[in-house]
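Below is one structure; the comments refer to it alone.
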Amino acid sequence: MNAIARLPRSPLRALCYGLALWLLAATAQAADVSLDQIRERLVEVPIVRADFQQQQHLSLLPAPLTATGHILLVRDRGLVWTVATPFQSRIKLVNGRLYSNGQVGLLPGGEQFARRLMEVLAGDIAALEPHFDIQASELKNGNWRLAMTPRNANLAQVLSRLLVTGDSSPSFFRLDYPNGDYSITTLTHIEYPEALSAEEERQLAP
């Protein structure tokens, strides 16, 4: 006879039974999946546009900071990350150089971080593998999940863990930082245009 069956018929027994069912369900939420299986589901497109909402959870603040904006990713050219609210700013990685609000190279460790972020947004698992230990799983809703920890000591100085989920493209990622802070970013209105607009060409200019 199991421990739950030995409990008296009471609200306590019902509570324990419910907790046991919840634990079983929680352990069944993720299943093993290979990186090759995830690669097969990812779309390979030259251009990605999306809106984002990001919450920064900082230990010094009582509530998370929420920012919204837009990303533009162009394979083999660069990434433009534009914050629209609560203030306006722009970070971009173009032709291997990092720009922060028009200035070059002002973020310590930022260029390597931006490269890895670009690879995440592109779903470029092959480019990520040399830099991260990657654990892949499939969630109950059918989406895949990658849990990544940096192999590189320099990258580990600015990032302790990266969690990414998605379907045909990445749509959610959580970044954990060495000081205990973390950020959660959700992408919406993801588009794969065939060409850039004139404004997007201007944004990608060095």
Once phi is turned into θ = phi - 60°, what whole-Hz ³J(HN,Hα) does the Karplus curve with 6.51, -1.76 and 1.60 give for every residue of segment 158-164, x standing for Gly and Pro?
10, 8, 9, 7, 10, 10, 10
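Of the listed peptides 77-89, 154-166, 192-204, what is their order by residue-averaged count of other C-beta atoms within 10 Å, with the highest listed first?
Values: 77-89: 14.9, 154-166: 17.8, 192-204: 12.0.
Ranking, from highest mean packing down: 154-166, 77-89, 192-204.
Assuming a viscosity of 1.306 mPa s and a temperature of 10 °C, what translational diffusion coefficient in µm² per second does Stokes-Einstein assign to segment 134-206, Rh being the Kirkwood radius over Cα pairs?
Details: Rh = 14.6 Å.
So the translational diffusion coefficient is about 109 µm²/s.
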Interchain or sequence-distant (5+) residues whose placed amide H lies within less than 5 Å of the amide H of SER160 are ASP176, TYR177
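Bear in mind that the values in this text are calculations on the coordinates, not laboratory data. Since this is a predicted model, take the numbers as computed values, not measurements. Ideal geometry is used to build each Cβ from the backbone, glycine not excepted, and the neighbour counts take in all protein chains shown.
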